[in-house]
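Peer 1: After the structure tokens below, expect a handful of questions from me.
The values are calculated or read from the model by the stated rules, or taken from the named source; none is laboratory data. Bear in mind the structure is a predicted one, so any value in this text is a computation, not a measurement. Using ideal geometry, Cβ is built from the backbone for each residue, glycine included, and neighbour counts are taken over all protein chains shown. SASA here: full protein model, heavy atoms, side chains in, ligands and nucleic acids out. Shrake-Rupley method; radii C 1.70, N 1.55, O 1.52, S 1.80 Å.
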Amino acid sequence: MGSDADRKESKAAAPAPVVIPGRKFFVGGNWKCNGTRDSIKKLVEELNKSVTPEEYLDKRKRKHIIPARINKDYCEVVVTPPFVYIPQVVASIKQEYQVAGQNCWINKGGAFTGETSADMLLDVGCKWVILGHSERRSIIGESDAMIATKTAYALSLGLGVMACIGESIHARETGKTNEVCFGQMQAYLNELKDPKQWAKVVVAYEPVWAIGTGKTATPEQAQDVHAAVRGWLSENVNPKVAEDTRIIYGGSANAANCKALAKMPDIDGFLVGGAALKGEDFTVICMASMAKHEKEEVEEEDEEDEEEQED
């Protein structure tokens, strides 16, 4: 047995808890209408491997850095399988991940063929739901009012909501980006009259012209809209809600562009489409959270690595 001095020294050497300043990074992986039981199983296995910090640390040769893994202390991560695969994913994915539905009905279930209620999502283990996605708006024809009604009902049951907004290419080119986004935000506000309701809302800005097209808003373009939406929240809800609400980017975020986007002050994460179906790429996107919290240290260590390679 060690002495009291040894025990005190050991206790003193224990690392202090990491305190993450500001809004916690949030990444949602939208699997859309993709997958089979076998491919979902493989993807979950890839994601489960991403929660082991040693693998990344060995590759990067870093000693003092936030553990590079899917870690809910540093980055809140949610995956959204197709409805029929939700139970499979809930049963097999590690606790670092939460599971969401891709849509839900406007209220409790009933004679609504083909719909899935928020109650059902909760029953199978979902914690979140995506609402207002541009594909639901443009292809299915869901209105701002309908989406807002869904949002209020889901929140009333305790589900978190990824509330999507975004403009078309026409709106972007005619200078109406803010007008469109603010109109969609107002529809949500019409139903969310209590500021406390916004605590479970993550706003997802997804420029429609950048979804599935390979085009991506520049970090500066995305930042401008995120800052404008935060300003709208401050003016129309209150400054605290504006400061606390996470606004994530959803326009073709990928492993190549995520870090530059994440460095923007008002970009708090991503809603990921195609790249969410690739376990390694999705992990890289989640790790972009370090761009906010470890920027200076990472740059210093990169310089050290370069010096070591030169030696």
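Peer 1: Ranked from the most accessible area to the least, with a 1.4 Å probe and all protein chains present, what is the order of L157, L233?
Peer 2: So the residues, ranked largest to smallest area, are L157, L233.
Peer 1: Using the structure shown, list the pairs from K108/K278; K200/K278; K49/K108; K49/K263; K150/K215 with a Cα-Cα distance above 32 Å, or answer none.
Peer 2: K108/K278; K49/K108
Peer 1: Can you work out the accessible area per residue across the range 66-147, with the rest of the protein chains kept in place, probe 1.4 Å, in square angstrom? All intermediate terms of the calculation are to be shown ahead of the outcome.
Peer 2: Working: 3650 Å² over 82 residues.
The answer is 45 Å² per residue.
Peer 1: In nm, to one decimal, how far is the A199 label point from the E243 one, both placed 7 Å along Cα→Cβ?
Peer 2: About 1.6 nm, to one decimal.
Peer 1: Shifting gears a bit: What is the range 61-210 by shape, rounded, prolate or oblate, if you read a ≥ b ≥ c off the alpha carbon gyration tensor as root eigenvalues and call it rounded for a/c under 1.5, prolate for a/b larger than b/c, and oblate otherwise?
Peer 2: oblate
Peer 1: Keeping all protein chains in place and using 1.4 angstrom, which order do T177, T36, T113, T216 fall into by accessible surface area, from largest down?
Peer 2: Output order, biggest surface exposure first: T113, T36, T216, T177.
Peer 1: Using a probe of 1.4 angstrom, how much of the accessible area of the range 120-265 is carbon and sulfur, in percent?
Peer 2: Here it works out to 55 percent.
Peer 1: For K292, what accessible surface area do you get with a 1.4 Å probe? Give it in Å², rounded to 10.
Peer 2: Ignoring ligands and nucleic acids, K292 comes out at about 70 Å².
Peer 1: Which whole-Hz ³J(HN,Hα) couplings does the range 86-100 yield from phi under the Karplus relation 6.51 cos²θ - 1.76 cosθ + 1.60, θ = phi - 60°, glycine and proline marked x?
Peer 2: Result, ordered by residue: 4, x, 4, 5, 4, 6, 10, 8, 6, 5, 5, 10, 10, 10, 10 Hz.
Peer 1: What distance in nm separates the two pseudo spin-label positions at K24 and A91, each 7 Å out from Cα along the beta-carbon direction?
Peer 2: Distance between label points: 2.8 nm.
Peer 1: In square angstrom, rounded to the nearest 10, how much accessible surface does Y74 have for a 1.4 Å probe?
Peer 2: Solvent-accessible area, nearest 10 Å²: 30 Å².
Peer 1: Rounded, prolate or oblate: which fits the range 123-166, taking a ≥ b ≥ c as square roots of the Cα gyration tensor eigenvalues, rounded meaning a/c under 1.5, else prolate when a/b beats b/c?
Peer 2: Working: a/c = 2.27, a/b = 1.79, b/c = 1.27.
Judged from the Cα gyration tensor, the range 123-166 comes out prolate (a/c at least 1.5, a/b above b/c).
Peer 1: So what is log10(I(q)/I(0)) for the range 220-261 at q = 0.21, 0.25, 0.31, 0.32 1/Å, when the Debye sum runs over its Cα atoms only?
Peer 2: -0.69, -0.84, -1.04, -1.07
Peer 1: What is the range 144-289 by shape, rounded, prolate or oblate, if you read a ≥ b ≥ c off the alpha carbon gyration tensor as root eigenvalues and call it rounded for a/c under 1.5, prolate for a/b larger than b/c, and oblate otherwise?
Peer 2: Numbers: a/c = 1.64, a/b = 1.36, b/c = 1.21.
Prolate shape, in that a/c is at least 1.5 and a/b is the bigger ratio.
Peer 1: Taking H placed 1.01 Å from N in the peptide plane, check which residues at least 5 places from G269 or on another chain put their amide H under 5 Å from its amide H.
Peer 2: The answer is F26, Y249.
Peer 1: Residue-wise, which Karplus ³J(HN,Hα) couplings in Hz belong to the range 163-177, taking 6.51 cos²θ - 1.76 cosθ + 1.60, θ = phi - 60°, and x for glycine or proline?
Peer 2: 8, 8, 9, x, 10, 7, 5, 5, 5, 4, 6, 9, x, 10, 4
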